[in-house]
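Report on one structure; see the data block that follows.
The values are calculated or read from the model by the stated rules, or taken from the named source; none is laboratory data. Note that this is a predicted model, so its numbers are computed, not measured. Don't worry about glycine lacking a Cβ; one is built from the backbone with ideal geometry, like all the others, and counts go over all protein chains shown. For accessibility, only protein heavy atoms count, side chains too; no ligands or nucleic acids. Shrake-Rupley method; radii C 1.70, N 1.55, O 1.52, S 1.80 Å.
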Amino acid sequence: MRLMIREYLASLRERGELDAILPDLLTEMGYRVFSRPSVGTRQHGVDIGAVGRDTDGQEKVFLFSVKAGNLTRQDWNVGQQALKPSLDEILHVYLRARLPVEHVHLPVVICLTFGGGIDESVRSDVVGYIDFNTNDRVSFRQWDGDHLAALIDEGPLREGLMSGDLRGHLRKAVAMVEEPEVAMSHFGQLIRVLTEQAKPKSTDRLRRVRQMTLSLWIMFGWAREAENVEAPYRASEIALLHAWQLLKQELGKTTQAGEAAGLAFNALVELHHAIWDELYAKTILPHVDTQHAISSAIHSISAVDVNLKLFDMVGRIALRGLWLVWMANDFAKAPQPVADGEDAQVIDELALQLVALIRNNPALLTPIADWQAIDIGLAITFLACRKPFHDAIGQWADSLSDKAWFAYRTHGAYPTRHASYWYLVSHPASSSDEYRQEATEGSVLFPMLAFWAEVLERGDVLDRIVDFKTDDLPHCNFQMFFLDQDSEAQLYVGDDRHGSVLCDVTPIKGEARTLFMARRECEAITDYDRLSVVELGHWPIVLTACRVHRMPVPPQLWLDIVDAFAKDGNHPDPTQSAASGRPQPTRGPIPRHRWRPMLRAGTSWTAVAAATLDTVEAARAFSMHIALGDAEGY
């Protein structure tokens, strides 16, 4: 375990990585951290400051100057970012003018901190510097990779806090990072046990979240070296949800425990985004402007593999964009449109890349499974937050509905309610009416498209869906999923026994009936506003849970966007749309055997190693009209 931690520490970068884990490690060791790493302000050589008892039992001030990797001669004394100039600033500036007044009477220990070791070529220089500057008040310590690994192994990951079985799961997850399915089975078990065995005491829950974060850092460090961070990304989503479950009672409080919980959760969110950047910002997004590049890079002979993986990418990219929207919304309770400005520029850049991905990969116009409405819903929610992309939503909805109608009429790969990968590979297995009716018993995709067609006043899309429903899908139960009173207890940890389904959501030409029904249901089910993530302004956690646990995006998250549309005066008022006397929807859950398999579906990761369209599917895709292809400005 210690060797594994040592190698992980050596791989960490200085800013945002090595200096990010040290505050939590010090807190676990009993230190009081009074200064944390910051960007944009001069720190005069001190990355982290803390107060604690030394090995001799005396309370001292510990000042950490952090550098990444091994300490070489260049890292020691070349340039402003070298270690020696930082130590000089601590001695000549920080101790004289920046040390908090309440600590000036304490002895000071300056810690030279780096993830690797000291090169022999510079060791004598370091020892000489330490000897020359040590006095009765100031002393020096070397916190190298071996020392940090020992502190971690004997601290937050020690046997008393993390059982041998859990340490074993962590070792196996790290060892198998190049096999994401296997790695996730072990890391998922570690996360679940840490959550299930948590005690009511806030300090115990906080310690477990720090253990999750540290374990995820170790996994990420090794995966980055192996150039395969798929497993850490999936692990980070699970860790986020379980961390919220553990900390939600303390988050938002002004107490010391509340502040510590907020810092711990924020550290996990930042790690999640760092992993996303490594996987998508650096690897995938640079190629979205090249036609078929991402589809071809999946390296599978199965069109189903390409389809599943591409829609999964769409959901992940959209979710990252929604975190950007969240930061621009300033802790709103649901996504809201973002006005033009500096925040909008960053959001628009990612939105342009998402639209380019859809435009250049035609498989994203032909969903094979109805539950891919989850990823489509995330993308639409993201794009709807910026007005310049509303036309792109309409064009995408137009293509999705058109291609689904065409596939159904020609017995092609139309969206089915089934989740099994092997079912999807052989779908459609029959051209009989009985098979088609069984495969399309229920849908969340088409009512969602009708909802947004009404919001965006795309009458052509709405008319097509109405005709499709009337002529071909009279047996299909159009549904919408809503969070309810049971969701708070079950949403984050993945239990599917929560939520409500609105049935018989049948759109009508020329009316905003779907929008009206969704609005009325949201007014009846008021439990969304009482979710802890909503009360504390962290709605992206709801969408993360939807993506991870394969639940449709609930319309409760769309109301603020719809209201903003109505204020523009260019879109329908949802309170005035459904004519009285029209058939009303059936309230209450539908039988589990009909809708739960659809909502519980997930991409078959073992089958999605990568891919390219086979000849037949390629010919079909290339011959279809791509509505997004001529979208100017997107």
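Below are the figures for this structure:
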| item | result |
| --- | --- |
| About the Cα centre, charge dipole magnitude for the range 278-428 (Lys/Arg +1, Asp/Glu -1 at Cβ), debye | 440 debye |
| Simple Cβ-charge dipole of the range 157-283, Lys/Arg +1 and Asp/Glu -1, about Cα centre, in debye nearest 20 | 640 debye |
| Computed E for Val93/Gln197 - FRET, C-beta separation, R0 41 angstrom, nearest 0.05 | 0.30 |
| Aspartates and glutamates with Cα under 12 Å of Lys509, excluding same-chain neighbours fewer than 8 positions away | Glu454, Glu457, Asp460, Asp463, Asp467 |
| Pairwise centroid distance, computed over Cα atoms, of the range 44-118 with the range 363-431, Å | 56 Å |
| Helical segments meeting 27 Å axial Cα length and Kyte-Doolittle -1.0 threshold in the chain (DSSP H) | 202-226, 256-276, 303-329, 342-360, 390-409 |
| For the range 1-155: rounded, prolate or oblate by the Cα gyration tensor [a/c cutoff 1.5] | rounded |
| Pairwise centroid distance, computed over Cα atoms, of the range 169-201 with the range 123-146, Å | 39 Å |
| Whole-Å distance, taken between Cα centres, linking the range 247-279 and the range 447-485 | 38 Å |
| His92, His105, ranked by accessible area, largest first (probe 1.4 Å) | His105, His92 |
| Solvent-accessible surface (1.4 angstrom probe) belonging to Met327, in square angstrom, nearest 10 | 110 Å² |
| Area accessible to solvent at Ser65, 1.4 Å probe radius, in Å² | 0 Å² |
| Filter on Lys253/Lys333; Lys309/Lys567; Lys60/Lys248 - keep pairs with C-alpha separation over 26 Å | Lys309/Lys567; Lys60/Lys248 |
| Shape category assigned to the range 315-407 from the gyration tensor of Cα positions, a/c cut at 1.5 | prolate |
| Helical mean residue ellipticity (222 nm; -39500 (n - 2.57) per DSSP H run of 4+; nearest 500) of the chain | -16000 deg cm²/dmol |
| Exposed GluC sites (Glu not before Pro) absent - longest run of the chain, DSSP non-H/G/I/E/B, at most 16 other C-beta within 10 Å | 228-456 |
| Rel. contact order, % - alpha carbon contacts under 8 angstrom, at least six apart, the chain | 13 percent |
| Listed residue (Tyr414, Gln189, Ala379) projecting farthest to the positive dipole end of the chain, Cβ model | Gln189 |
| Percent RCO, i.e. relative contact order, over the range 251-360, from Cα pairs under 8 Å lying at least 6 residues apart | 26 percent |
| His242 - accessible surface, heavy atoms, 1.4 Å probe, Å² rounded to 10 | 10 Å² |
| Amide N proximity, the range 36-74 versus Ala150 label position 7 Å along Cα-to-Cβ, cut-off under 17 Å | 54-57 |
| Sequence of Met176, Met517, Met184 from largest to smallest accessible area, 1.4 Å probe | Met176, Met184, Met517 |
| Selection from Leu559, Leu365, Leu502, by position along the positive dipole direction of the chain (Cβ) | Leu502 |
| For Ile110, residues with placed amide H under 5 Å, excluding near neighbours | Leu63, Ser139, Phe140, Arg141 |
| The chain - charge dipole about Cα centre, Lys and Arg +1 at Cβ, Asp and Glu -1, debye rounded to 20 | 1080 debye |
| Exposure rank, largest accessible area first [Arg208, Arg171; 1.4 Å] | Arg171, Arg208 |
| Extension reserve of the Tyr423-Glu259 stretch, reckoned as 0.36 nm per residue once the Cα distance is removed | 54.2 nm |
| Positive-pole candidate from Tyr94, Ala344, Gln479, dipole of the chain, charges at beta carbon | Tyr94 |
| Antiparallel DSSP beta bridges within the range 1-155, percent to nearest 5 | 40 percent |
| Accessible surface of the range 1-155, 1.4 Å probe, proportion on carbon and sulfur as whole % | 48 percent |
| log10 of Debye I(q)/I(0), alpha-carbon scatterers only, for the chain at 0.11 Å⁻¹ | -1.07 |
